[in-house]
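Computed from the coordinates by the stated procedures, all read-outs in this text should not be read as laboratory data. Source: prediction; values computed, not measured. Here the Cβ is made from the backbone with ideal geometry for all residues, glycine too, and neighbour counts use every protein chain on show.
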Amino acid sequence: METIKAIDTPYKGYRFRSRLEARWAVFLDTINLDWEYESEGYTIQYEGQYVCYLPDFYIPALDAFLEVKGPPLNEQDKVKAEALAASTGKAVIIAQKIPPQDIIVPHFKVVIPTTYSQYFEDETESVWWDHCVLYYCYGCGRTVHLLFETACDHTASCDCNKHIEYQAFFQRGDRVVEDGWAEGVLTLEHALDTARGARFEFLNN
């Protein structure tokens, strides 16, 4: 059976392997989150062998990888993400389709190695989370944390020293948020709209 190949897409001097990768790069740029594209390969253990693996994005501010995968996420991709997390000690964020317009805060699947945070130190192997969000600091306009559902009763501080309460950030589609959250939520919504509407040139192979 003939397979359909994704279109290579130019953006900011990079040649992305698909439109979807380029759209997530636009999203990250719109929320001022620096990224590196295919910056370093790693050797991971997969199906009893050591193989080379090149992650899509590295996000320095999160010290995490972001892998763009078209849905559904298959078992092979999950095993490789787990191996990457285990071998590097870094979280691996899975970004799939850009959410539809009725979703204003993007949620991600994330695999977390046991060494990533004190919240997971009692686990014996990497942990999958299906509903993680990016925490937007409305004080300085930077995205600085991944937020896991069980951590929603905690606060975090950005370098700008504004302490942000996590509460209410999980209200998907709800524009009525606590004081101070509206700007962050609407910024994420704007970033999704920008990514959806981005237009790219075609490359001649």
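Counting only residues 5 or more places away or on other chains, whose amide H sits under 5 Å from the amide H of VAL105 once H atoms are built in the peptide plane?
Long-range HN contacts for VAL105: GLY173.
Filter the GluC sites (Glu not before Pro) in the stretch 1-106 to those in DSSP coil with at most 13 other Cβ atoms within 10 Å of their Cβ, and list the result.
Passing sites in the stretch 1-106 are GLU2, GLU40, GLU47.
Which of the trypsin sites (Lys or Arg not before Pro) found in the stretch 1-86 are loop residues per DSSP with 15 or fewer other Cβ atoms within 10 Å of their Cβ?
Here the sparse-neighbourhood loop sites are LYS5, LYS12.
Give, in nm to one decimal, the length gained when the segment between ARG19 and TYR50 is fully stretched (0.36 nm per residue of separation minus the Cα-Cα distance).
Result: 8.2 nm gained on full extension.
Using 0.36 nm per residue, how much length does the chain from THR43 to ASN74 gain when fully extended, once their Cα-Cα distance is taken away?
9.1 nm
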